[in-house]
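Have a look at the structure below before the remarks.
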Protein chains: 4
Amino acid sequence: MESKNLGIEDKLFNYIIGTGEEMPFYNLLGVRISAVGPGYAELSVTTRREHANPLGTVHGGLLLTMADGSMGNAIRSLGMIGITVDFSTAMIAPAPFGEEIVAQGRVLKAGRNMIFAESKVYAGDKLLADTRGTFYRTTDINIKE
Amino acid sequence: MESKNLGIEDKLFNYIIGTGEEMPFYNLLGVRISAVGPGYAELSVTTRREHANPLGTVHGGLLLTMADGSMGNAIRSLGMIGITVDFSTAMIAPAPFGEEIVAQGRVLKAGRNMIFAESKVYAGDKLLADTRGTFYRTTDINIKE
Amino acid sequence: MESKNLGIEDKLFNYIIGTGEEMPFYNLLGVRISAVGPGYAELSVTTRREHANPLGTVHGGLLLTMADGSMGNAIRSLGMIGITVDFSTAMIAPAPFGEEIVAQGRVLKAGRNMIFAESKVYAGDKLLADTRGTFYRTTDINIKE
Amino acid sequence: MESKNLGIEDKLFNYIIGTGEEMPFYNLLGVRISAVGPGYAELSVTTRREHANPLGTVHGGLLLTMADGSMGNAIRSLGMIGITVDFSTAMIAPAPFGEEIVAQGRVLKAGRNMIFAESKVYAGDKLLADTRGTFYRTTDINIKE
């Protein structure tokens with residue numbers, strides 16, 4: 001499935017999607033970056049038995065990973081790199097198998113040193129997890145020609 | 001490597017270790033339950049390239065998953081089942097590759113409805129992540145003979 | 001200043017505003033309930049020197065208190081009572097003195113046992129704090145005639 | 001009651017206790033700094049009716065404020081100043097009236113840019129609240145002779 005550019009420069013969009021496709025942890029879990037816009041990124045996965053926890057639903061770790069990644073890429077959509085320093089999630093509903101799960105990350109404020117973001121994880125229009133993340137801003141993205 | 005029983009009933013210990021070994025998400029990530037005691041559980045993993053994030057270190061999602069699982073199993077060591085409702089982590093230091101990472105989960109208070117726990121994730125004696133989790137208590141574990 | 005009813009039953013609205021006016025901790029801090037709607041509540045305060053921290057800005061504890069209270073009253077607007085079990089805040093910007101600070105609490109999901117809410121604290125249109133709260137649902141509100 | 005110096009330089013100890021005594025928000029709430037040691041600080045309060053919430057127990061905002069302050073002063077005990085950027089608390093048990101409540105703040109790691117701390121709030125030996133805080137490190141404390 002093609003990833004959507006919701007309004008950032010093509011060069012930056014291709015860079016973000018490219019690093020997502022080559023990213024070992026996303027490939028292991030079957031997660032992909034499905035959309036990127038200004039201060040916004042979506043990660044998607046189709047849940048399967050490999051994602052199961054002992055209770056027979058999807059392991060919360062998958063949702064936590066997607067929430068973290070959607071915020072990290074929302075930050076990258078602004079040309080910035082942020083390292084997660086704090087991460088907090090409400091697990092509102094369990095994720096079912098065989099469904100498309102989408103994490104929507106948004107930057108709330110990008111300061112000089114700290115970046116604040118949030119992520120909401122959905123199955124269809126059902127809210128599964130609500131996350132806040134705080135990031136330390138390191139360098140900016142510098143794409144080589 | 002053998003898992004350590006730090007002082008719970010053998011039947012419960014074997015049940016917990018058994019469900020861990022059959023758990024799809026742990027097997028996908030290479031995570032195992034390395035020790036269980038009363039109100040305590042340890043999860044271990046040897047980090048490898050498959051766990052990488054775009055910054056060239058281990059993806060935070062692996063640590064978040066281990067923290068969540070170590071608290072969930074610490075709760076099960078008391079014969080209880082808890083569903084994660086809230087989860088909050090400080091990401092203190094990045095995790096290196098090729099090292100043994102251990103998440104130590106501890107129950108702080110098991111109430112009638114809510115269970116509070118914490119988890120600390122280490123590489124050797126270096127603290128990588130500090131987590132608090134809040135769980136809703138459902139049923140108790142009932143092991144069939 | 002009058003409190004606004006944004007669409008709940010008058011009896012419940014008057015009950016909520018009345019308990020707010022008689023509430024010792026709100027009176028100590030100068031906080032009042034300024035608006036209530038379905039699944040929504042606003043708390044307001046005008047910051048003054050009494051609210052200062054050692055850095056010469058408003059103490060974060062005031063914002064934390066308002067965030068907590070705005071979520072608790074948003075829950076009460078649904079006729080429910082929830083006890084805070086988990087509370088997490090990003091402190092995005094310091095609060096200035098002599099300004100109207102408003103905390104907007106919203107219920108995200110009211111389940112049978114757990115209630116999830118969020119609160120955003122503003123000075124004008126500047127976001128100061130972003131909070132998530134998880135609540136255990138006890139009894140429903142029963143207003144005596 | 002006298003504040004205890006648990007092992008930091010007298011000049012720094014007197015500075016911290018002095019700013020606490022002059023601090024408007026602490027005075028409003030009746031909170032005092034009762035002990036300071038290396039990377040550690042205790043805040044104490046005797047709870048009274050003024051601290052009440054609508055449920056007839058102590059408002060959670062008092063505990064949140066004490067947790068925040070105990071971590072901030074634990075950081076100052078190292079000669080550093082940290083601004084709260086993230087704050088997360090489990091509310092484990094309600095605080096009773098007429099009792100001494102103590103918040104014990106501890107620095108977990110003081111990095112070059114970020115400082116991680118925790119706080120536990122007790123009534124006697126009963127744990128009421130468990131908090132983690134993340135702070136941005138600004139300048140160091142410079143005490144004028």
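Quick notes
- Residue check, A:Thr89 in a strand (DSSP E or B), polar (S, T, N, Q) and in contact with a Phe, Trp or Tyr (Cβ under 7 Å, 6 or more places away or on another chain): yes
- In this structure, D:Val85 does not satisfy being more than 8 Å from every other protein chain (Cβ to nearest Cβ), crowded, with 19+ Cβ neighbours inside 10 Å and touching a strand residue (DSSP E or B) at 6+ places or on another chain (Cβ under 7 Å).
- Annotation for segment D:115-138: no member residue is assigned to a helix (DSSP H, G or I), open to solvent by less than 30 Å² (accessible area, probe 1.4 Å), more than 8 Å from every other protein chain (Cβ to nearest Cβ) and out of contact with any Pro (no Cβ under 7 Å at 6 or more places or on another chain).
- Among the residues of segment D:98-108, the ones that are under 23 Å from B:Met114 (Cβ atoms) and at pLDDT below 95 come to 1 in all.
- In segment B:34-55, the residue that is farthest from the other protein chains (Cβ to nearest Cβ) out of those that are open to solvent by 10 Å² or more (accessible area, probe 1.4 Å) and in contact with an Asp or Glu (Cβ under 7 Å, 6 or more places away or on another chain) is B:Ser34.
- Residue selection: C:Val58 fails the criterion of being buried (at least 18 other Cβ atoms within 10 Å of the Cβ), in contact (Cβ under 8 Å) with a residue 60 or more places away in the chain and touching a helix residue (DSSP H, G or I) at 6+ places or on another chain (Cβ under 7 Å).
- Which numbered condition C:Lys120 fails, given (1) touching a residue at least 24 places away in the same chain (Cβ under 8 Å); (2) within 16 Å of the chain's Cα centre (by Cα); (3) under 30 Å from C:Ala52 (Cβ atoms): (1)
- The sole residue among D:Ala67, D:Ala103, D:Ala74 that is more than 10 Å from every other protein chain (Cβ to nearest Cβ), in contact with a Lys or Arg (Cβ under 9 Å, 6 or more places away or on another chain), surrounded by 18 or more Cβ atoms within 10 Å (Cβ to Cβ) and within 25 Å of C:Thr134 (Cα to Cα) is D:Ala103.
- Filter result for the condition that a residue is more than 26 Å from B:Met66 (Cα to Cα) and in contact (Cβ under 8 Å) with a residue 40 or more places away in the chain, over A:Ile83, A:Ile75, A:Ile16, A:Ile33: A:Ile16
- When residues of segment B:12-33 are limited to those that are within 11 Å of chain A (Cβ to nearest Cβ) and among the aromatic types (Phe, Trp, Tyr), the one nearest to the chain's Cα centre (by Cα): B:Tyr26
The values are calculated or read from the model by the stated rules, or taken from the named source; none is laboratory data. Quantities reported herein were computed from a predicted structural model and do not represent experimental measurements. So basically every Cβ, Gly included, is an ideal-geometry build from the backbone, and we count neighbours across all protein chains shown. For accessibility, only protein heavy atoms count, side chains too; no ligands or nucleic acids. Shrake-Rupley method; radii C 1.70, N 1.55, O 1.52, S 1.80 Å.
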